[in-house]
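First the structure, in the form of structure tokens, and then the observations on it.
Rule-based calculations on the coordinates, nothing more; no lab input. Only a predicted model underlies this, so the values are computations on that prediction, with no experimental measurement involved. Every residue, glycine among them, receives a Cβ derived from its backbone with ideal geometry; neighbour counts consider all protein chains shown.
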Amino acid sequence: SHVSSWPCADFVKVVVVRDPLERLLSAYLDLCEPLADDGPARSGHREQHCEGFPLPRWRPSFDQLVDHLAALPPHERSDLNQHFLPQAYFCGLVAPRADAAASSDDLLFSHGTLPRFHHVVRLSAATFAADMLSVLASVGVAESTAHRFLQMRDGHDTGAAGRVRRYYTRESAAAARGVYSVDYSTFRLPEPAWLADLAGYTHGIR
């Protein structure tokens, strides 16, 4: 952690950041979504990792998860587990403000931290592969090795990018956008293009 403060001039430091709304849905699909074959293993997985719904008897909808996160005071979001924690809180990019009640500002940004990274690469961008290949080439990584690196997967691909329109409504997207506003501002992320495609409120319709 706090790799941004490492002084070595030979290091090339890269932030890979995912669109927060896509990342939230991916975490829900992997950790929280009730499945038809919800057995003891799945319930235990949800009990351990599903933020805000730790008991096996809970079978939260995506709307319920978003509502729970949106109800948290901003300074409490730093206590979320790593699957739901805003990405800006990793590596010391942003520090939660301890005296949030005393100020209208809910966060204290670390001074000059993000500029210490040489590249901010957006995982959800259509240009991600090309951007990462460019970064790896700039530090002398062979193209064949770089391609193998990009093909590595951790086994948790949930297909969230292709399912955002099915799970999000305008209301839940707006609420989630508020929860992760620190990510959008810290990394200067664009609004997801698919937000414009969302229909009106369709609570309970999937």
Take each of the peptides 23-33, 182-192, 140-150, average the number of other beta-carbon atoms within 10 Å over its residues, and list them starting from the highest. 23-33, 182-192, 140-150
For the residue pair residue 133 and residue 158, what label-to-label distance in nm results when each label sits 7 Å from Cα along the Cα-to-beta-carbon direction? 2.9 nm
Descending Cα extents along the principal axes, the stretch 149-195, whole Å: 34, 27, 17
Taking amide H atoms as placed 1.01 Å from N in the peptide plane, list the residues 5 or more away in sequence, or in a different chain, whose amide H sits under 5 Å from that of residue 121. 15, 16, 17
